[in-house]
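What follows is a short report on a single structure.
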Amino acid sequence: MIVEFIGATGAGKTTLINAVHCRLEKTVKVTTSVDLATSLLGFKNVTNLTLQNLEQELISLPFFIGTLYKYNEYLHHTVKLFWRNSGFSMQTIHNLRSLERKIGMYEITKILGKDQVILVDEGPILALHMFASAKNTYSPEEIARFIDLLPLPDLIIYIRASVDTLIERTVRRVDPPREVDLKNPAQMDAYFTNAVALFDQLTQAENIRDRLLVVESLDIAGPKFDQVVNSIPQSILAGATFLPNNPL
């Protein structure tokens, strides 16, 4: 079972994944997409994010190339959109690398992740973040087409958070996303406003709603955090059918 966690930067995806992983490993075989892929080269437990990304790009490249025919329409549409916004630039290069990594890693989990639960932090759906630029010029129809073409996991867990919460957490991060200028409050507000709107549109799509679980972003020290962390593994193990925007 492939479970992809999605949400804007700062929503708390990694924290929630780590907590859910600890609960699940007591009763079922579980791993993350990163550990599954990097174990192919014997490089598990690498914590440096830059090295993790480089490893994933290297490992996933042959899987990505081998599936170009399968995702041709999705890739063509996605590349066309962010190329139009940023042209030939470092941002476009970063987006291309990220897209290759996400699709390649998705294929690795599909092929090698049988008989276990795979928790995914950065899957194909998170490519939606590429469109959250403060200069966003994409129409709802273009985003809807992107969503319609997405390769999907078995279950999507969306960690929803307000714009103010996302900005506050991003400012505190030691590794803020390169798309965000911490010295420009107006740009940050526009970026996260776009991101929240994009994810809200995603949750309403027909191909998403029947496999979606919505989690309100929580303070890790708050009383409801453990309750949510316990509920997610129970739902996964029960093989529950999730209703549209079913909240925890």
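Numerical summary
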{"item": "Qualifying position, being over 18 Å from the mean Cα position of the chain (by Cα), modelled with pLDDT of 85 or more and assigned to a helix (DSSP H, G or I), among ILE111, ILE125, ILE147", "result": "ILE111"}
{"item": "Matching residues in region 136-190 - criterion: being acidic (Asp, Glu) and closer than 30 Å to VAL117 by Cβ", "result": "ASP148, ASP154, ASP175"}
{"item": "Filter result for VAL214 (under 22 Å from VAL20 (Cα atoms), buried (at least 16 other Cβ atoms within 10 Å of the Cβ) and at pLDDT below 95)", "result": "yes"}
{"item": "Residue, surrounded by the fewest Cβ atoms within 10 Å (Cβ to Cβ), within region 112-163, restricted to residues that are in contact with a Leu (Cβ under 7 Å, 6 or more places away or on another chain), over 21 Å from SER217 (Cβ atoms) and among the aliphatic types (A, V, I, L, M)", "result": "LEU112"}
{"item": "Criterion (at pLDDT below 90 and closer than 28 Å to ASN53 by Cβ) met by exactly one of ASN136, ASN194", "result": "ASN136"}
{"item": "Failed item, numbered, when LEU36 is tested on (1) within 27 Å of VAL229 (Cβ to Cβ); (2) over 19 Å from the mean Cα position of the chain (by Cα); (3) not charged (D, E, K, R)", "result": "(2)"}
{"item": "Checking SER217 against (1) within 23 Å of GLN91 (Cα to Cα); (2) touching a residue at least 24 places away in the same chain (Cβ under 8 Å); (3) of a type outside the set (Phe, Trp, Tyr), the condition it does not meet", "result": "(1)"}
{"item": "Which numbered condition PRO233 fails, given (1) in a helix (DSSP H, G or I); (2) modelled with pLDDT under 90; (3) surrounded by fewer than 19 Cβ atoms within 10 Å (Cβ to Cβ); (4) not β-branched (Val, Ile, Thr)", "result": "(3)"}
{"item": "Single residue of region 24-57 satisfying the filter (surrounded by fewer than 16 Cβ atoms within 10 Å (Cβ to Cβ) and of a type in the set (Ser, Thr, Tyr)) that is modelled with the lowest pLDDT", "result": "THR47"}
{"item": "Residue satisfying all of: in region 164-176; in contact (Cβ under 8 Å) with a residue 24 or more places away in the chain and among the aliphatic types (A, V, I, L, M); farthest from SER217 (Cα to Cα) among these", "result": "ILE167"}
{"item": "Boolean, THR78 is modelled with pLDDT of 85 or more, in a helix (DSSP H, G or I), within 16 Å of the chain's Cα centre (by Cα) and over 27 Å from ASP226 (Cβ atoms)", "result": "yes"}
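The values are calculated or read from the model by the stated rules, or taken from the named source; none is laboratory data. All values reported here derive from a predicted model rather than from experimental measurement. Heads up, the Cβs are rebuilt from the backbone with ideal geometry, glycines too, and the neighbour counts pull from every protein chain shown.
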